[in-house]
Amino acid sequence: MRLGGRWRRLFAGLLDLLVIGLVSSPFTYRTVTTVTDSGLSIEVPYTQTLLVGFIGFLYYWLLTAFWNGQTLGKKIFHLRVADLGGQRVGVGQAALRQVVAWVMYVTCCLGWVDLAFILFQSRKQAVHDIAAKTLVVDS
């Protein structure tokens, strides 16, 4: 079992973010509200943030669980998520992976810490991979 390359993981992730943006954009158009504080007007996309997060969570979780451990980006870049033995991940394992990733990404700058683990960890695992006992491998 060969580990997936860091650059391919990056480009697969960027492609997945583009897909999520395209899928969620019809539902999030014009979902801003204006908050006024001391005469300063700021537009806050509160609904968009929640909806895009929910769509993203479902995208990663369901595709990882039911499409051989692959999102569209991982499929194009010949990667897949596997358990530590190289086998297909289960629904619960894929859900745990995404919950940890989601919590890390919405908690200040911990998303960067999560991704930085890939650079320094011998098995190229992010924190969400370590928590769910998964690897990203070549498909």
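Values quoted throughout were computed directly from the atomic coordinates according to the rules given, and no laboratory measurement underlies them. Worth saying up front: this structure is predicted, and the values here are computed from it rather than measured. Using ideal geometry, Cβ is built from the backbone for each residue, glycine included, and neighbour counts are taken over all protein chains shown.
Using 0.36 nm times the number of residues separating Arg123 and Leu72, minus their current alpha carbon distance, what extension gain do you get? Numbers along the way, then the final one.
Details: separation 51, 0.36 × 51 = 18.36 nm, distance 2.25 nm.
Stretched out fully, the Arg123 to Leu72 stretch lengthens by 16.1 nm.
Would you mind checking which residues have amide H under 5 Å from Leu79's amide H? H placed 1.01 Å from N; only 5 or more apart, or other chain.
It is Ser139, by chain and number.
Under the Karplus relation 6.51 cos²θ - 1.76 cosθ + 1.60, θ = phi - 60°, what is the ordered set of whole-Hz ³J(HN,Hα) values for region 80-88, x standing for Gly and Pro?
Rounded to whole hertz, the list is 7, 8, 9, 6, 5, x, x, 8, 4.
How large are Rg and Dmax for the chain when only the alpha carbon atoms are used, in Å?
16.6, 59
To the nearest 20 debye, what charge dipole does the chain have about its Cα centre, counting +1 at the Cβ of each Lys and Arg and -1 at the Cβ of each Asp and Glu?
Dipole size: approximately 660 debye.
5 Å is the cut-off here: which amide hydrogens, built 1.01 Å from N in the peptide plane, fall below it relative to Gly4, excluding neighbours closer than 5 in sequence?
Val136, Val137, Asp138
Set Lys and Arg Cβ to +1 and Asp and Glu Cβ to -1, take the dipole of the chain about its Cα centre, and tell me which of Gln48, Gly21, Phe117 lies farthest positive.
The residue sitting farthest along the positive end of the dipole is Phe117.
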